[in-house]
1. From zero outward in steps of 5 Å, how is the percent of C-alpha pairs of the chain spread across the bins?
2. So how tilted is helix 46-56 from the main axis of the chain? Cα-based, degrees 0 to 90, rounded to 10.
3. Remind me, relative contact order of the chain in percent, using alpha carbon pairs under 8 angstrom and six or more residues apart?
4. Stretched out fully, how many nm does the piece from residue 24 to residue 4 gain, at 0.36 nm a residue minus the Cα gap?
5. What nm distance separates the two modelled labels at residue 56 and residue 13, each placed 7 Å from Cα along Cα→Cβ?
């Protein structure tokens, strides 16, 4: 399998993360963020990993965005 690595840079042209294929243990695409080294999820497709990067990470810092708090429902 030919795999590519996508490198994400911030506005200062500093590398903040990579989306790369990892065939260690369970093969899959992973996000390697310098600010979130403990992020260990793997994805079946590169596109899925990139979508998670865009949705869940800050592109300037590489840190996970805080989860939005759901308002408690009032009955």
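1. Histogram of Cα-Cα distances, whole percents per bin: 3, 16, 24, 22, 14, 9, 5, 4, 3, 1, 0.
2. It is inclined by approximately 40 degrees.
3. The normalised contact order for the chain reaches 24 percent.
4. The span from residue 24 to residue 4 would gain 5.6 nm if fully extended.
5. According to this spin-label approximation, the distance is 3.1 nm.
Values in this text are rule-based calculations from the coordinates and carry no lab data. This is a predicted model, so every value here is computed, not measured. We place every Cβ from the backbone using ideal geometry, glycine too, and count neighbours over all the protein chains shown.
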